[in-house]
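Below is one structure, written out as structure tokens; the observations come after it.
Nothing in this text is a laboratory measurement; each read-out follows from the coordinates by a stated rule. Computed from a prediction, not measured in an experiment: that's the story for all the values here. As a convention, Cβ positions derive from the backbone with ideal geometry for all residues, glycine included, and neighbour counts pool all protein chains shown.
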Amino acid sequence: MSVNPFDIRTVILAKHAQHVVLIHFPIALFIAAVAFDYLGHWTRSRTLAAAAHFNLLLAAASTVPVVATGLAAWQWALEGQKLKGILLMHLVLGCISSALIWLVFLIHLRVRRHPEVPLPKYRLPFEALAVLIVGFTGHLGGFLSGVNGPG
Amino acid sequence: MRRSVSTAVLLVALGLEIAGLVAGTGNFAASAQQKPETAEVKIDNFSFGPETLTVPVGSTVTWTNRDDVPHTVVSTEGVFKSKVLYTDERFSFTFSKAGSYPYFCSIHPKMTGKVVAQ
């Protein structure tokens, strides 16, 4: 039986395939947002700060379907079995990564609602740490899916 | 006349005996082919090996995960389903009915295999 990744039945029945597709959005948007924020901080550019804000908004929003499809994959493909090892690590780090993306977004949102308050400087190392954790989680996911692994 | 009848009866009996022996040998050969056995499928490098395995009915197939990442063994038709198999874990299933049993890994659906029980 060969599996066609572009066949709609495969996409639906594979159950976790959506997670593998959707996960790229928050990762890319978050890394781009942090890059814009760093550049905006150094150049004092409002345009770059706005770009960072809107990328963060989309990154945070896109974590919702990603977490939902990841949990659905766990429940459907693995029938909610108790996880361990690399699967458990990916689940925990995935949740932490989503929380970090939301935290960074909320920091920016708070400042955007109160323009008189400057963006706190502590956000920069916090964002760098978040990028590292998001990257590591994505690497684990890639390893699990066979993209980054020996396959 | 009586003698030729006796010879004919003897020849028929001999023929029947030979036919019985041949049939018996055939049955023996057939039963030897159908003897259930145990077979192994290795999961490694994101693939099942061998991809297609043919076994006699009643055989038990054991899948062993030799990969660094977890996999599952799930029948496409819902006949069998393993739990998550981490490295070096095993799953066995006995094929008590003849047929073709395609299966896949539910974590990596592009990983597919087939067991043919005959």
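Determine the shielding of peptide A:57-68 by partner chains: average, over its residues, the number of Cβ atoms on other chains within 10 angstrom of each Cβ. Across the residues of A:57-68, the mean count of other-chain Cβ atoms within 10 Å is 0. Taking the helices alone, chain A has a mean residue ellipticity at 222 nm of -26000 deg cm²/dmol, built from -39,500 (n - 2.57) per DSSP H run of at least 4 residues and averaged over all its residues. The trypsin sites (Lys or Arg not before Pro) of the range B:53-92 that DSSP puts in a loop, and whose beta carbon has at most 15 other beta carbons within 10 Å, are B:ARG66, B:LYS83. Cross-linked pairs B:LYS42/B:LYS81; B:LYS42/B:LYS83; A:LYS84/B:LYS110: Cα-Cα separations exceed 19 Å for A:LYS84/B:LYS110. Note on the range A:34-148: Cα Rg divided by 2.2 N^0.38 Å, N the number of residues, gives 1.23. By the count of other C-beta atoms within 10 Å, a proxy for reagent exposure, B:GLU37, A:GLU116, B:GLU89 are ordered fewest to most as A:GLU116, B:GLU37, B:GLU89. Among the chymotrypsin sites (Phe, Trp or Tyr not before Pro) within the range A:104-147, those in coil by DSSP and having at most 16 neighbouring Cβ atoms inside 10 Å are A:TYR122. Loop-located trypsin sites (Lys or Arg not before Pro) in the range A:47-151 (DSSP state not H, G, I, E or B) with no more than 14 neighbouring Cβ atoms inside 10 Å: A:LYS82, A:LYS84, A:LYS121. Prolate is the label for the range A:83-143. Its Cα gyration tensor axes, ordered a ≥ b ≥ c, give a/c of at least 1.5 and a/b above b/c. For the peptides A:72-80, A:17-25, residues were scored by their other Cβ atoms within 10 Å and the scores averaged per peptide; the highest-first order is A:17-25, A:72-80.
Roughly speaking, what is the centre-to-centre gap between the range A:64-128 and the range B:47-118 when only Cα atoms are used, to the nearest Å? About 35 Å separates the Cα centre of the range A:64-128 from the one of the range B:47-118.
Our summary gives the range A:79-151 a relative contact order of 40 percent, counting only alpha carbon pairs under 8 angstrom and 6 or more residues apart.
Counts of other chain beta carbons within 10 angstrom of each beta carbon in peptide B:107-114 average 6.
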